[in-house]
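J.: Below are the structure tokens for one structure; questions will follow.
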Amino acid sequence: MTDTAKLQTPTKDVEYPVMSGTVGPQVVDIRKLYAQTGMFTYDPGFTSTASCESTLTYIDGDEGVLLHRGYPIGQLAEQSSFMETAYLLLNGELPDQGELDKFVYTISRHTMLHEQLATFYRGFRRDAHPMAIMCGVVGALSAFYHDSTDITDPKHRLIASHRLIAKMPTIAAMAYKYSVGQPFMYPKNELSYTGNFLQMTFGVPAEEYVVNPVVEKALDRIFILHADHEQNASTSTVRLAGSSGANPFACIAAGIACLWGPAHGGANEAALNMLREIGRPDRIPEYIARAKNKDDPFRLMGFGHRVYKNYDPRATVMQKTVREVFEALNVDDPVFEVALQLEEMALNDDYFIEKKLFPNVDFYSGVILSAIGFPTTMFTALFALARTVGWVAQWNEMIADPDQKIGRPRQLYTGPTQRDYVPLNQR
Ligand code: ACO
């Protein structure tokens, strides 16, 4: 027998089916609520709303669990590669060697950008934020690749997906190169996806760039950790934009715009800036006190999460990766010590314990990226690069979903009721 949920409304009692996923909370299917009762649900921030059915990623925030197609993020970060994880998210299963080789080959054959796009970059100021450039250039891809914008054609969707994943490192690296006034570097297909990104970012035409394998592995792992995260703000933005039939390049540009915010992807930049501002362990108590003060808007950046009410499993891997990178590059940056002590102090503080505020993925990622040599402004661009895989996989899932409709929330209207226009000279 199917479970149902009964709802008493002022006018009518109604009953709705309760749906169960393979794991996780059940959901009440209230699609008929408005038709039957004339009422909407009120859920700003969608804290209790499942916006879609999905088979990609599962999060148990209380237990600190994150699974991609069933595989725990810790196992993927330790044993997989970003390309393999991308294949998994897009196709549902881990590839065999032949499938992986074919996928990597296909992606590497799409890494170049239309040459005219280089001119497009020159329209930006040199000090433009890389995310501003990313939003513009990714949106502009739809003006360059007309042969992959018909969303009703599965072949177009596949090519657009490959193009987006393949071109994102090139676009991000070019944004960096433009900001430092160095020549753009073309992709090199003999390198790995991540090695190639490092080459395009830190290489120069004057000499051969040698990829450091520890850095390559660490960055690849960071990409895996950021690949997808269920129906977060930017993914929901991509789905919402896509629900109107917009082309995939436009949808991903919308996702990038949403990711930029400091409450979302912008937090890694904000977290490192905060750690640098704190500077010394003895100043940590002052910042903890500020974070707890209701009259101070300051928050501990890289702490707290809408879904995780436990240690973010991605932060665990990040913390380990910091040590590896610091050792490999001989980095001695006091910021890591500040981060470790801040984490310890916060985790033992009643305010953070009661509110279940733990370090999230962004708390340590900035420390690693900075050690590798990325300026803080590039951090969110790297997040966007990695999350493109999730966005593209979620967008494809949405297009193929027979229940998909244009996303159109309603509202609780509290403005003036109807009134007559008053001419200007009578006001
Ligand atoms: N520092 C201090 N207090 C905090 C923090 C923090 N980082 N995060 C939440 N709180 C407090 C809030 O003040 C609030 O207190 P109250 O109940 O007394 O009003 C309570 O904890 C709940 O916070 P909300 O903002 O209601 O929680 P929400 O789920 O809406 O927000 C968010 C989650 C936005 C991530 C929040 O924790 C935050 O701003 N963190 C800092 C920014 C950050 O690190 N973002 C990255 C998220 S991960 C990602 O996007 C990849």
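J.: Using only Cα atoms, figure out Rg for the range 138-270 and give it as a multiple of 2.2 N^0.38 Å. Numbers along the way, then the final one.
T.: Values: Rg = 16.1 Å, N = 133, 2.2 N^0.38 = 14.1 Å.
This ratio for the range 138-270 stands at 1.14.
J.: Right, something else. For the range 261-352, how big is Rg over Rh, using alpha carbon atoms and the Kirkwood form of Rh?
T.: Numbers: Rg = 13.5 Å, Rh = 14.1 Å.
Rg divided by Rh gives 0.95.
J.: From the phi angles alone, apply the Karplus equation (6.51, -1.76, 1.60; θ = phi - 60°) to the range 185-191 and give each ³J(HN,Hα) in whole Hz, x where the residue is Gly or Pro.
T.: Values, residue by residue: 9, 6, x, 10, 6, 6, 8 Hz.
J.: May I pose another question? Below 25 Å, Cα to Cα, which lysines can Lys292 reach? Residues fewer than 8 away in the same chain don't count.
T.: Lys309, Lys355, Lys356
J.: Once the dipole of the chain is set up with Lys and Arg at +1 and Asp and Glu at -1 on Cβ about the Cα centre, which of Phe184, Leu66, Tyr105 lies farthest towards its positive end?
T.: It is Phe184.
J.: How large is ³J(HN,Hα), in whole Hz, for each residue of the range 232-241 in order, when computed from phi with the Karplus curve 6.51 cos²θ - 1.76 cosθ + 1.60 and θ = phi - 60°, using x for Gly and Pro?
T.: Whole-Hz 3J(HN,Hα) from phi for the range 232-241: 5, 4, 6, 5, 5, 5, 4, 5, 5, 4.
J.: Rounded to whole Å, give me the distance from the Cα center of the range 376-423 to that of the range 56-103.
T.: First find each Cα centre; the distance between them is then 25 Å.
J.: Return the sequence-ordered ³J(HN,Hα) values of the range 36-46 in whole Hz as given by the Karplus equation 6.51 cos²θ - 1.76 cosθ + 1.60 applied to θ = phi - 60°, using x for Gly and Pro.
T.: Residue by residue, the range 36-46 yields 8, 10, x, 10, 9, 8, 10, 8, x, x, 6 Hz.
J.: Additional query: Work out the charge dipole of the chain with +1 on the Cβ of Lys and Arg and -1 on the Cβ of Asp and Glu about the Cα centre, then indicate which of Asn232, Gln199, Leu117 is farthest towards its positive end.
T.: Looking along the dipole axis, the top candidate is Leu117.
J.: Which whole-number percent of Cα pairs in the range 21-88 have a distance greater than 18 Å?
T.: Working: 1234 of 2278 pairs.
Looking at the range 21-88, the distances longer than 18 Å represent 54 percent of pairs.
J.: Dipole of the range 89-184, Cα-centred, from +1 at each Lys and Arg C-beta and -1 at each Asp and Glu C-beta, to the nearest 20 debye? Intermediate values should be presented prior to the final figure.
T.: Details: 10 positive and 9 negative charges, 101 e Å.
Here the range 89-184 has a charge dipole of around 480 debye.
J.: Let me ask something else. Summarise the accessible area of the range 277-361 (1.4 Å probe, protein heavy atoms) by the percent that is carbon and sulfur. Please report the intermediate quantities before stating the final value.
T.: On the way: 2210 of 4620 Å².
Whole-percent figure for carbon plus sulfur exposure: 48.
J.: If you wrap a convex hull around the C-alpha atoms of the chain and split its volume per residue, what is the figure in Å³? Write out the running numbers ahead of the final one.
T.: On the way: hull volume 90.6 nm³, N = 427.
For the chain, the hull spanned by Cα atoms encloses 212 Å³ per residue.
J.: Where does the charge balance sit around Gly64 when Lys and Arg score +1, Asp and Glu -1, over other residues with C-beta under 11 Å from its C-beta?
T.: Numbers: positive: Lys309, Arg314, Lys356; negative: Asp60, Asp62, Glu63, Asp312.
So the surrounding residues net to -1.
J.: While we're here: Once neighbouring chains are kept in place and the probe is 1.4 Å, which whole percent of the accessible area of the range 121-250 is contributed by carbon and sulfur?
T.: 57 percent
J.: Now for a separate question. So if I take the alpha carbon set of the range 220-280, get Rg, then get Rh from the Kirkwood formula, what is the Rg over Rh ratio? Mind dumping the intermediate values first?
T.: Details: Rg = 14.4 Å, Rh = 13.0 Å.
Reported Rg/Rh (Cα atoms, Kirkwood Rh): 1.11.
J.: Please report, in Å, the Rg and the Dmax of the range 315-427, where both are computed over Cα atoms only.
T.: For the range 315-427, the Cα-based Rg and Dmax read 24.1, 75 Å.
J.: In addition: Starting from the amide H of Ala5, placed 1.01 Å from N in the peptide plane, find each other amide H under 5 Å away whose residue is 5 or more places distant or on another chain.
T.: Sorted by chain and number, the residues that satisfy this are Tyr16, Val18.
J.: Let me ask something else about it. List the relative contact order of the range 311-427 as a percent without decimals, with contacts defined as Cα pairs under 8 Å and 6+ residues apart.
T.: Values: 51 pairs, mean separation 34.0, N = 117.
Relative contact order for the range 311-427 comes out at 29 percent.
J.: Between the range 130-185 and the range 1-54, what is the separation of their alpha carbon centroids in Å?
T.: Centre-to-centre distance over Cα atoms comes out at 39 Å.
J.: Let me have the relative contact order for the range 1-64, percent, based on Cα pairs under 8 Å that are six or more residues apart.
T.: Values: 50 pairs, mean separation 12.7, N = 64.
It rounds to 20 percent for the range 1-64.
J.: Could I ask something else about it? Could you rank the peptides 390-401, 201-212 by their average count of other C-beta atoms within 10 Å per residue, with the highest value first? Intermediate values should be presented prior to the final figure.
T.: Working: 390-401: 22.2, 201-212: 14.2.
For the peptides 390-401, 201-212, the packing ranking is 390-401, 201-212.
J.: Oh, and also: Normalised by the number of residues in the chain, what is the relative contact order in percent for Cα pairs under 8 Å and 6+ residues apart?
T.: Values: 578 pairs, mean separation 82.2, N = 427.
Answer for the chain is 19 percent.
J.: Leaving out ligands and nucleic acids, and using a 1.4 Å probe, what accessible area per residue does the range 199-291 come to in Å²?
T.: Numbers: 3390 Å² over 93 residues.
Heavy-atom SASA per residue in the range 199-291 reads 36 Å².
J.: Along the charge dipole of the range 358-427, Cβ charges K/R +1 and D/E -1, which of Ile372, Asn360, Gln404 sits furthest on the positive end?
T.: Working it through, the farthest residue towards the positive pole turns out to be Gln404.
J.: Would you list which lysines come within 28 Å of Lys155, measuring only between C-alpha atoms, while excluding same-chain residues fewer than 8 positions from it?
T.: The qualifying lysines are Lys102, Lys167, Lys188, Lys405.
J.: Compute from the Cα atoms of the range 324-367 the Rg and the Dmax, the latter being the longest Cα-Cα distance, and quote both in angstrom.
T.: Here Rg and the maximum Cα pair distance are 12.6, 38 Å.
J.: Where nothing but the Cβ of Lys and Arg (+1) and of Asp and Glu (-1) is charged, how large is the charge dipole of the chain around its Cα centre, in debye to the nearest 20?
T.: Values: 39 positive and 49 negative charges, 314 e Å.
Using only the charged Cβ atoms, the result is roughly 1500 debye.
J.: Additional query: Quick check: net charge around Ile133, other residues with Cβ under 14 Å of its Cβ, Lys/Arg +1 and Asp/Glu -1?
T.: On the way: positive: Arg122, Arg125, Arg126, Lys167, Lys177; negative: Asp127.
Here the count lands on +4.
J.: Okay, moving on. Using Stokes-Einstein with the Kirkwood hydrodynamic radius over Cα pairs, what translational diffusion coefficient do you get for the range 1-145 at 25 °C and a viscosity of 0.890 mPa s, in µm²/s rounded to a whole number?
T.: On the way: Rh = 20.3 Å.
The calculation lands on 121 µm²/s.
J.: So, R0 is 35 Å and r is the distance between the beta-carbons of Gln79 and Ala289; what FRET efficiency does that work out to, to 0.05? Walk me through the intermediate numbers first.
T.: On the way: r = 42 Å, r/R0 = 1.19.
Given R0 = 35 Å and the Cβ-Cβ separation, E is 0.25.
J.: Given a 1.4 angstrom probe, what's the average accessible area per residue across the range 109-175, in square angstrom?
T.: Details: 2920 Å² over 67 residues.
Counting only protein heavy atoms, the per-residue value for the range 109-175 is 44 Å².
The values are calculated or read from the model by the stated rules, or taken from the named source; none is laboratory data. Please read all numbers here as calculations on a predicted model, not as lab measurements. Here Cβ is always computed from backbone atoms with ideal geometry, including for glycine, and neighbour counts include all displayed protein chains. Areas reflect the complete protein model, heavy atoms only, side chains present, ligands, DNA and RNA absent. Shrake-Rupley method; radii C 1.70, N 1.55, O 1.52, S 1.80 Å.
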